[in-house]
Amino acid sequence: MNYSRRGNPCPVCNRQKDNDCRWTNEAIFCHLGSSHRPPTHLKLGDTIQLKGDKWALVSLSAGYDKSAFLFKPHKEIIPLTKNRAEREQQDFDYSVRISCCEFYAKEFLELAQKALDVLEFKSAPPDELKNSFKFIYSAESKGLELIQELQQLTPREERLKKYLPIVKDLNKQLLYQRKDADQFRKKQLGEVLSNE
C-alpha cells in the first residue's frame, strides 16, 4: 500500500502533506480533507483518467473512518451476446448441478447409514420395523439415482470423485439389506410384494 507523503503525491488529489490517501494497483482511497480532496463534481460510476488509465468512483464513503472516495480500475462492460449468455447460463446450470450432486451425496451417506444401522427385523417393534423398511428402500433408490449422476459428472469434476466408490459400496450393502427386508416381509409378515 502506498501512502501520500512528500515526494509521493496522491494520484487523485495530489496530497503530499500527510499520509491520509492510500493506493495500490487495485484501489485508491482518496481522503476528503479540508485542503486536498477528490474532484467534488464526481458521482458514483464516473471515471477519471490517471496516467493513461481510467479509474471508476465506486464509493463515496470508504476507508475505516468513511472519509475517502474509493476508486477502482475501470472495466468496460461487455454486452452479452446470445452465445455468451447461453454459455454463461450453461456454466451456471452445471455449477448448480455439481453443488446439488455434492449435497445429495452427503445426504445419501447419512440415509444409507441409518438404513444399514436398523435393528434386527425380528426384534424390532412394528413402528421401528416400518421405519427400517422406509430407510432401506429409500436409500437404495436414491443411491441408484446418485450413482448415475455421479458417473456423468465425476469425469469433469474432481471434488465429486471421492463420492462415487463410497456410494457404490454403500449401495451394494443396501441391495443385500433390501433383499433381507423383502424376504422378511414375505416369510415372516406374509406380505405379497408388488415387485414380484
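The values are calculated or read from the model by the stated rules, or taken from the named source; none is laboratory data. Predicted, not measured: the structure shown is a model, and the values here were computed from it. All Cβ positions, glycine included, derive from the backbone under ideal geometry; neighbour counts span all protein chains shown. Heads up: the accessible areas ignore ligands, DNA and RNA and are worked out on the full protein's heavy atoms, side chains in. Shrake-Rupley method; radii C 1.70, N 1.55, O 1.52, S 1.80 Å.
Once the chain from PHE103 to ARG6 is taken as fully extended at 0.36 nm per residue, the excess over their C-alpha distance is 29.3 nm.
Are any of the pairs LYS130/LYS172; LYS114/LYS172; LYS82/LYS142; LYS142/LYS179; LYS114/LYS168 more than 26 Å apart by Cα-Cα distance, and if so, which? Beyond 26 Å: LYS82/LYS142. Counted over the chain, the DSSP beta bridges are approximately 100% antiparallel.
On a 0 to 90° scale, report how tilted helix 126-153 is relative to the longest principal axis of the chain, with both axes built from alpha carbons and the result rounded to the nearest 10. Value to nearest ten degrees: 50. Could you identify which residue out of GLN148, GLN49, GLN177 has the top mean-square fluctuation in a GNM of the chain using Cα springs shorter than 10 Å? Most flexible of the set in this elastic network: GLN49. For a modelled paramagnetic label at ASN19, 7 Å from Cα along Cα-to-Cβ, the residues of the stretch 27-50 in reach, with backbone nitrogen under 17 Å, are 29-31. Annotation: lysines with alpha-carbon distance below 29 angstrom to LYS17 (same-chain offsets under eight excluded): LYS43, LYS51, LYS54, LYS66, LYS72. The angle between the Cα long axis of helix 82-116 and the main principal axis of the chain comes to about 40°, on a 0 to 90 degree scale. Applying 1/(1 + (r/R0)^6) with R0 = 35 Å to the Cβ-Cβ distance of GLN152 and LEU44 gives a FRET efficiency near 0.20. Measuring nothing but protein heavy atoms, the accessible surface of the chain at 1.4 Å probe radius is 50 percent carbon and sulfur. Relative to the longest principal axis of the Cα atoms of the chain, the long axis of helix 163-187 makes an angle of roughly 30 degrees. When CYS100, CYS21 are compared by accessible surface with a 1.4 Å probe, the order from highest to lowest is CYS100, CYS21.
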